[in-house]
Amino acid sequence: MPPISGCMRDAPWPEDDGMSWLDTVVQGVLLGGLYALFAAGLSLVFGIMRLVNLAHGDLIVLAAYLILVLVTALGLNPFVAALVAMPIMFAAGWALQRLVLNRTLGDDILPPLLVTFGLSIVIQNALLEGFSADSRRIYAGGIETASLAIGPVNVGVMPLLTLASAVLAIVALNQLFYRTSLGRAFRATSDDPVTAGLMGIRPNRIFAQATGVAMVVVTIAALYLGTRANFDPATGPSRLIYAFEAVIIGGLGSLWGTLAGGIIIGVAQTVGAAVNPEWQILAGHVAFLAVLLARPRGLFPRAVD
Amino acid sequence: MTLLQTRDLKAFYGDFQALFGIDLALAAGETVAIIGANGAGKTTLLRSVSGIIANAPEAVTLEGRPIGALAAPEVVALGIAMVPEGRKLFASLSVEENLLIGRYGRDVAGPWTLDSVYGLFPVLKERRNVPATALSGGQQQMVAIGRALMSNPRVLLCDEISLGLAPVVIRDIYAAFPRIRESGAAIVIVEQDIGQALRVAERVYCMMEGRVTLSGRPGELSREAIHAAYFGVHA
């Protein structure tokens, strides 16, 4: 039987249909892990202080440059560099909240938006000044190209680590939230800052610690952002939109929802790209809108707002 | 010995003056009730003492130490805990977590622990893992009182704990007060329910329009005098 070559271009992978779709979905789930890492810090900060941080994507890029500097200047392994960067970013987040963002919080939602929007511009331009517009990459010594055969599907070691880190980060954040005194204080402050004050909680300090924790997650996200692909000072905002979408379709304030949201966008993007490479980005946004149409409050909204 | 004192305490909401110089004293271990109609300034008074509203430093003193200008978390740390009006439980926290957070700012040894609060209100132990706001109004009030007790306060401020509750439930809650008093805490009870206030308190202050209009021991105050101080009319 002669090969029907005319049809091959229309259908994706007609030679092995089922397996390729499985592969596509697996890659999408792994990509979702990266988006969940982008989004977890955003979700945390929004959940506790109702602050929408428009500079979140730029803070990820800033952390990526910090890791890059540690790798190139000190010759550290990127994973070790990320560990070193975590306390630095925690301190930076703590100071940012104490010195700047706490002053913007109040009944009016506009000041935090304006200030973080401005912060986004400041970070981008400072990075541009310091590192030029050249795109950079963190080299992880060959692990980027390593892959594992899991059943019928080949998966990259880095994407696998990314998803595993996202799950671990969310497990750890949930433990912090639901098993510790600090976590109780986070939730109480989120519910009612005035009454939290009557319990001896100082909301401004709680917010500073929350932003510090969010910056630790940002550092993990930065490690995988920087080793996976090139980045430059203007990369942040395009990452921010996926993070926002993941947070919103997951349900505001729910960390597991954020992971689910990240995975939905990741799968939609890889499936869209498999059908037609031009549809990758669009498919993610369409999936976002479709979930919002079906579940306007997201998949796992918290019981109380 | 005077534990807590206010001297010429004035409070404002913007241009609106809510308190016009309140002088009040509370001895260690004493139970005092503050009664008055809506808008008399009772809640404002408690909010001033607890640090939600900032005042002149000398307007409120604890054992002579000026605390009027301190913020709420600093006031709690000194041993003044508040049961706020409307209970204000944390909706994201379970019953037990609401109790635990009561000692966040003042974790000191004393008579009140999770166990002794559950001993005071046994129904809470059965429902310890339920979201606090899923309880009935009376049980929520028990959580709010227990939460304040968890800091082992020297002064317990109770704002309108009978508000919106059935009389039988109010009786149950007030039945806990002798044991709270035995633990050594001085208690300030703000009430609109005059009968309840007179039964539980050793001394009563009556407020009207931001001023103290009457004070004394319940047995020494005539109904007419309370009426006049409460409503501002001479019956």
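Brief remarks follow.
- Check on A:ALA243, more than 13 Å from every other protein chain (Cβ to nearest Cβ), over 20 Å from A:ALA95 (Cβ atoms) and crowded, with 24+ Cβ neighbours inside 10 Å: yes
- Selection count where residues are assigned to a loop (DSSP other than H, G, I, E, B), more than 20 Å from B:ARG171 (Cα to Cα) and touching a helix residue (DSSP H, G or I) at 6+ places or on another chain (Cβ under 9 Å), scope the stretch B:186-235: 5
- Any hit, the stretch A:76-94, residues being free of Cβ contacts under 8 Å to residues at least 24 places away in the same chain, over 21 Å from the mean Cα position of the chain (by Cα) and under 27 Å from A:MET158 (Cα atoms): yes
- The stretch B:31-99 holds strands (runs of 3 or more DSSP E) entirely within its bounds, and those carrying 2 or more residues that are facing chain A (nearest Cβ under 10 Å) and touching a residue at least 24 places away in the same chain (Cβ under 8 Å) map to B:80-83.
- Residue in the stretch B:143-153 that is within 13 Å of the chain's Cα centre (by Cα) and either over 21 Å from B:SER116 (Cα atoms) or outside any helix (DSSP H, G or I) (or both) present: yes
- Residue under evaluation A:ASP191, criteria (1) within 14 Å of another protein chain (Cβ to nearest Cβ); (2) modelled with pLDDT of 95 or more, criterion not met: (2)
- Scope the stretch A:140-192; condition of a type in the set (Phe, Trp, Tyr) and in contact (Cβ under 8 Å) with a residue 60 or more places away in the chain; matching residues: A:PHE177, A:PHE186
- Apart from one condition, A:LEU223 fits all of (1) over 14 Å from the mean Cα position of the chain (by Cα); (2) more than 14 Å from chain B (Cβ to nearest Cβ); the exception is (1).
- Hits in the stretch A:95-136 - residues which are farther than 16 Å from A:VAL45 by Cα, surrounded by fewer than 16 Cβ atoms within 10 Å (Cβ to Cβ) and within 21 Å of the chain's Cα centre (by Cα): A:GLY118, A:ILE121, A:VAL122, A:SER135
- Count of the stretch B:130-166 residues, restricted to those that are buried (at least 21 other Cβ atoms within 10 Å of the Cβ), of a type in the set (A, V, I, L, M) and more than 14 Å from chain A (Cβ to nearest Cβ), is 2.
- Out of A:GLY253, A:GLY257, A:GLY197, sole residue that is within 14 Å of another protein chain (Cβ to nearest Cβ), within 16 Å of the chain's Cα centre (by Cα), over 29 Å from A:LEU127 (Cβ atoms) and of a type in the set (Gly, Ala, Ser): A:GLY253
- Residue match in the stretch B:118-129 (condition: surrounded by fewer than 19 Cβ atoms within 10 Å (Cβ to Cβ), part of a helix (DSSP H, G or I), away from every other protein chain (no Cβ under 13 Å) and among the β-branched types (Val, Ile, Thr)): yes
- Taken as a whole, the condition of being among the hydroxyl-bearing types (Ser, Thr, Tyr) and at pLDDT 95 or above does not apply to B:SER162.
- Selection from the stretch A:22-52 of residues that are modelled with pLDDT of 95 or more and more than 22 Å from A:LEU163 (Cβ to Cβ): none
- Matching residues in the stretch B:100-114 - criterion: being surrounded by 18 or more Cβ atoms within 10 Å (Cβ to Cβ) and more than 9 Å from chain A (Cβ to nearest Cβ): B:GLY110, B:TRP112
The values are calculated or read from the model by the stated rules, or taken from the named source; none is laboratory data. Everything numeric here is computed off the predicted structure, so don't read it as measured data. Here the Cβ is made from the backbone with ideal geometry for all residues, glycine too, and neighbour counts use every protein chain on show.
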